[in-house]
Amino acid sequence: MTIKLSTAARNAEMDAITAQLGSAALVRIYDGTRPANPGTAVVAQVKLAELTAGSPFAPAASGGVLTANAITQANALATGTASWFRATTSGGTAVVDGDVGVGSGDLQLNTTSIVSGGPVQVTACTITAGNA
């Protein structure tokens, strides 16, 4: 049977992500298949862009949902189709991985068709705790 957490516990879980990321977290956008978890090294996937998150990453979670502060637009590092992201500390320690999409996904972009040197813009980023 699946465990169920109170809203307060889910919010605390989400707020721990912000605490772990610290200030000036990085949002790295990749193509290819997302690894099993943030502890799994990126091997064949291409890093398409690296953006700087707000400080803090997000305000307090509500209803088990963490909604990121503004993430600074950046120019793409490579050309490809964005499919997942990894949020890391400013020093590169991986904290969370998620899906990327346009109008859907944990990290929403204006387009998933990334072109080297072109702008990469995040339109929304929300991370939802299990059973929220």
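The values are calculated or read from the model by the stated rules, or taken from the named source; none is laboratory data. Here the structure is a predicted model, which is why all the values come from computation and not from measurement. Cβ sites come from the backbone with ideal geometry, for glycine too, and all protein chains shown count toward neighbours.
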Long-range neighbours under 8 Å by Cβ, at least six apart or interchain, first residue over 20 Å from A94 (Cα atoms) within segment 1-24, second assigned to a helix (DSSP H, G or I) and among the acidic types (D, E): L5/E13
Residue list for segment 79-106, filter: of a type in the set (A, V, I, L, M) and either more than 18 Å from G130 (Cβ to Cβ) or at pLDDT below 95 (or both): A82, A94, V100, V102
Cross-chain or 6+ apart pairs with Cβ under 7 Å, segment 25-36 first and in contact (Cβ under 8 Å) with a residue 24 or more places away in the chain and farther than 15 Å from Q73 by Cα, then aliphatic (A, V, I, L, M) and not in a loop (DSSP other than H, G, I, E, B): Y30/L48; D31/L48
Tally, over segment 63-105, of residues that are at positive phi and surrounded by fewer than 14 Cβ atoms within 10 Å (Cβ to Cβ): 3
Test: residue in segment 42-56 that is at pLDDT 95 or above, at positive phi and not polar (S, T, N, Q): no
Number of positions in segment 71-86 that are in a loop (DSSP other than H, G, I, E, B) and within 22 Å of I127 (Cβ to Cβ): 5
Matching option when the condition is surrounded by fewer than 22 Cβ atoms within 10 Å (Cβ to Cβ), outside any helix (DSSP H, G or I) and of a type outside the set (D, E, K, R), among A49, A19, A44: A44
Matching residues in segment 98-119 - criterion: being closer than 12 Å to T81 by Cα and either among the hydrophobic types (A, V, I, L, M, F, W, C) or not in a strand (DSSP E or B) (or both): V100, V102, L109, T111, T112, I114, V115, S116
Long-range neighbours under 6 Å by Cβ, at least six apart or interchain, first residue surrounded by 14 or more Cβ atoms within 10 Å (Cβ to Cβ) within segment 106-128, second part of a strand (DSSP E or B) and among the charged types (D, E, K, R): D106/D99
